[in-house]
Amino acid sequence: QVQLVESGGGLVQPGGSLRLSCAASGRTLSINVMGWYRQAPEKERELVALITTSGSTNYADSVKGRFTISEDNAKNTVYLEMNSLKPDDTAVYYCNLYIPTIATHYWGRGTQVTVSS
C-alpha cells in the first residue's frame, strides 16, 4: 500500500509564493510518476505538474513559468514551488503517485491553497 501526505498549503496574497511537499511511503516501486493536481470549487480536478523518475516534467499551460516541480528520490518526496500566485490558483491541491507497471493511481488527501488579498 502507498500513502501520500501533503503539506505546505495556506493563505497567500496575490504575487506571493508557497511550497507544497508530498511525502510518499509504502510500496512506491522504483518506476513511477508523481504529480500535483488541483480542484477549485465547482470545477473538475486538473493536472498541474508531474515528474517521472527519470526527471522529465510536464506542466499545465496555466502554471508554466510560475510553478516548478521537483523530487528528492532519497526522501521519496515531491515538491511544488509556486511563485507569482494568482487568485485563479486557489484550489485544493492533491498529490498523485502513478505506478505504470500496475496501472494504479494513489492520491493524497489534499491541501488547501488560497490566494487572496
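Which loop trypsin sites (Lys or Arg not before Pro) in the range 1-72, with loop taken from DSSP, have no more than 13 other Cβ atoms within 10 angstrom of their Cβ? Let's see the in-between values first.
Working: sites: 19, 27, 38, 43, 45, 64, 66; in loops: 27, 43, 45, 64, 66.
Sparse-neighbourhood loop trypsin sites (Lys or Arg not before Pro): 27, 43, 64.
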Taking Cα pairs under 8 Å and at least six residues apart, what relative contact order does the range 48-102 come out at, in percent? 22 percent
List the GluC sites (Glu not before Pro) within the range 1-49 that DSSP assigns to loop and that have no more than 14 neighbouring Cβ atoms inside 10 Å. 42, 44
Kirkwood calc, the range 19-63, C-alpha pairs only, radius in angstrom 12.1 Å
How high is the relative contact order of the range 1-87, in percent, counting Cα pairs under 8 Å that sit 6 or more residues apart? 32 percent
Computed for the range 4-56: size of charge dipole around the Cα centre, +1 on C-beta of each Lys and Arg, -1 on C-beta of each Asp and Glu, debye to nearest 20, value 120 debye
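Where a number appears in this text, it was derived from the coordinates with a stated rule and is not lab data. Worth saying up front: this structure is predicted, and the values here are computed from it rather than measured. As a convention, Cβ positions derive from the backbone with ideal geometry for all residues, glycine included, and neighbour counts pool all protein chains shown.
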